[in-house]
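**Q** The structure under discussion is supplied below as structure tokens; questions concerning it will follow.
Where a number appears in this text, it was derived from the coordinates with a stated rule and is not lab data. Since we're looking at a predicted model, the values are computed, not measured. So basically every Cβ, Gly included, is an ideal-geometry build from the backbone, and we count neighbours across all protein chains shown.
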Amino acid sequence: MNTLDTQTLGLRIQSGLLLEQLNTLADIGMTPEGACCRLALSDEDRIGRDLLITWMKALKLEVSIDPIGNIFGWRAGLEDLPPVMTGSHIDTVRTGGRYDGPLGVLGGLEVVRVLNEAGIVTRRPIVVAAFTNEEGARFHPDMLGSLVYVGGLSLDDAYASHSADGKVLIDELIKIGYVGKAALPLCKPHAFVELHIEQGPILDIEGVTIGAVRDLQGISWQELHIVGQSNHAGTTPMRLRHDAGYCAAAISVFMRELTIEMGGAQVATMGVTQLHPNLINVIAARAVVTVDLRNTDEALLKIAEQKVADFLVKLAADEGVTITSHRLARFEPVKFDDGIADLIAQHAQALGYSCRSMTSGAGHDAQMMARLCPSAMIFVPSVKGISHNPAEHTEVADLVAGGNVLLQTMLELAQ
Ligand code: HGY
Ligand code: MN
Ligand code: MN
């Protein structure tokens with residue numbers, strides 16, 4: 001083992017600045033309820049991006065921005081080789097926590113800080129990325145920036161994406177000043193490793209510190225537009241109603257029953273329900289609802305989608321309404337690189353952390369990067385499995401553990 005190896009194996013991240021930056025970023029877009037609200041391409045997102053770039057420059061990283069607004073901090077290596085890339089996102093859902101996304105970006109900056117302070121230059125360059133619109137809470141699909149990066153969505157189609165509040169993506173990107181000129185893609189990394197909170201209960205319940213994420217479930221998002229007929233809530237006999245509000249509720253109940261019938265990994269969520277005119281004494285004329293179906297098994301996900309489609313046809317006929325579906329996102333399950341996942345597990349154990357292999361229930365930028373280069377993820381526990389919620393929390397010791405595993409995994413990949 002050479003001196004560099006013994007030196008690097010002894011390196012550890014420090015929690016101080018990582019925590020300080022996580023909290024400083026969390027304050028941007030903080031709501032009165034204590035949630036982080038930095039919807040993609042919003043003013044709050046712009047302020048967060050500007051701050052991140054300031055932090056990257058303070059670490060002497062060479063900052064570049066690509067045409068979809070992905071931000072990269074590049075640290076030169078001894079050799080001009082494909083880099084080891086890490087990163088995640090800093091956009092949030094409307095009721096976000098402070099770790100979902102920023103831990104992966106700021107954890108990457110902490111790795112750079114430790115190497116700078118140790119005076120170590122790795123053989124390969126190291127890049128820290130912050131991808132645009134990972135959440136998909138404002139523009140669809142989710143993981144949009146990393147999807148464009150790997151060529152899964154054209155820039156034009158991404159630019160034309162419409163937000164729920166009626167905005168067009170390119171207009172908002174111009175407005176915040178983040179239409180960059182860097183090459184798309186900036187590079188084809190040697191490897192991509194993403195540090196992220198689990199956002200689920202498994203590590204917390206089992207008391208395990210590190211998740212070596214080997215795969216990620218498939219995602220199916222659609223928006224349903226239901227058109228019935230508004231009418232008087234008191235005078236209209238039940239048999240004459242074309243009630244879009246009832247249909248919205250019936251679809252939600254059907255989705256829950258479908259997960260019970262299918263069991264296994266099948267999950268289903270109706271996150272959005274908008275009724276019009278949304279008045280107590282008016283039968284709803286229209287409804288817009290969203291359907292989020294996920295499963296680790298592609299064949300089962302397809303079955304779930306078909307069962308929902310069949311139910312919608314019958315419901316529309318029974319209730320005398322029209323139901324149209326608009327596809328918002330569809331990603332098959334992803335297998336990560338077992339070699340990198342093994343490295344994650346080895347370094348976790350070498351550092352004395354408990355570790356287990358996992359599947360990700362949430363979508364992540366790593367699932368897109370896996371189309372371009374060997375990729376895997378490091379999970380750390382979410383207390384009580386809570387996320388997309390201001391109560392999202394990860395203990396400091398677990399944040400540090402995840403950062404140390406990221407540091408050692410990246411060092412090994414970069415040497
Ligand atoms: O929806 C997801 O899984 C991710 O948070 N975008
Ligand atoms: Mn995330
Ligand atoms: Mn999220």
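**Q** When C37, C187, C247 are ordered from fewest to most other Cβ atoms inside 10 Å of their Cβ, what list results?
**A** With the fewest neighbours first, C37, C187, C247 line up as C187, C37, C247.
**Q** State the extension gain, in nm to one decimal, for the chain segment bounded by I260 and A397, taking 0.36 nm per residue of separation less the distance between their alpha-carbons.
**A** Numbers: separation 137, 0.36 × 137 = 49.32 nm, distance 3.69 nm.
Gain on stretching I260 to A397: 45.6 nm.
**Q** Kindly put H388, H364 in sequence by how many other C-beta atoms sit within 10 Å of each C-beta, fewest to most. Walk me through the numbers before you get to the answer.
**A** Numbers: H388 18, H364 29.
Fewest-to-most ranking of H388, H364: H388, H364.
**Q** If you don't mind, there's one more thing I want to ask. Which one, H364, T322, L103, is farthest towards the positive end of the dipole of the chain when Lys and Arg carry +1 and Asp and Glu -1 on their Cβ?
**A** Result: T322, furthest along the dipole toward the positive end.
**Q** Pairs K60/K335; K335/K384; K60/K188; K60/K167; K307/K335: which are spaced more than 31 Å apart, C-alpha to C-alpha?
**A** Pairs exceeding the cut-off: K60/K335; K60/K167.
**Q** Rounded, prolate or oblate, given the Cα gyration tensor of the stretch 1-142, with a/c below 1.5 counting as rounded?
**A** prolate
**Q** So, one more: How much mean residue ellipticity at 222 nm does the chain get from its helices, if each DSSP H run of length 4 or more adds -39500 (n - 2.57) and you divide by all residues, to the nearest 500 deg cm²/dmol? Write out the running numbers ahead of the final one.
**A** Working: 13 runs with 154 residues, N = 415.
So the calculated ellipticity at 222 nm is -11500 deg cm²/dmol.
**Q** Tell me which DSSP H helices of the chain clear both cut-offs, 30 Å or more of axial length from alpha-carbon atoms and a mean Kyte-Doolittle hydropathy of at least -0.5.
**A** Helices meeting the span and hydropathy rule in the chain are 298-319.
**Q** A further question on this structure: Could you work out the longest stretch of the chain that avoids the GluC sites (Glu not before Pro) located in DSSP loops with at most 12 other Cβ atoms within 10 Å?
**A** 80-415
**Q** Is the C-alpha gyration tensor of the chain telling us rounded, prolate or oblate? Criteria: a/c under 1.5 is rounded; beyond that, a/b larger than b/c is prolate, otherwise oblate.
**A** Verdict is prolate for the chain.
**Q** Given R₀ = 41 Å, what would the calculated FRET efficiency be for H232 paired with A160, taking r from the Cβ atoms and rounding to 0.05?
**A** E(calc), rounded to 0.05, equals 0.50.
**Q** What is the sum of charges, Lys and Arg at +1 and Asp and Glu at -1, for the other residues whose Cβ falls under 14 Å from the Cβ of K307?
**A** With Lys, Arg at +1 and Asp, Glu at -1, the net is -1.
**Q** Ok, one more. State the percent of C-alpha pairs, over all pairs in the stretch 128-205, separated by a distance greater than 21 angstrom.
**A** Summing the P(r) tail past 21 Å for the stretch 128-205 gives 36 percent.
**Q** So for the chain: antiparallel DSSP bridges make up what percent, rounded to the nearest 5? Write down the numbers at each step before the final one.
**A** On the way: 45 of 65 bridges.
Looking only at bridges with both residues in the chain, the antiparallel portion is about 70 percent.
**Q** Could you work out the per residue convex hull volume over the alpha carbons of the stretch 192-330, in cubic angstrom? Intermediate values should be presented prior to the final figure.
**A** Details: hull volume 19.8 nm³, N = 139.
Taking the convex hull of the Cα positions in the stretch 192-330, it is 142 Å³ per residue.
**Q** Could you please state, rounded to a whole Å, how far the C-alpha centre of the stretch 188-228 is from the C-alpha centre of the stretch 254-270?
**A** 18 Å
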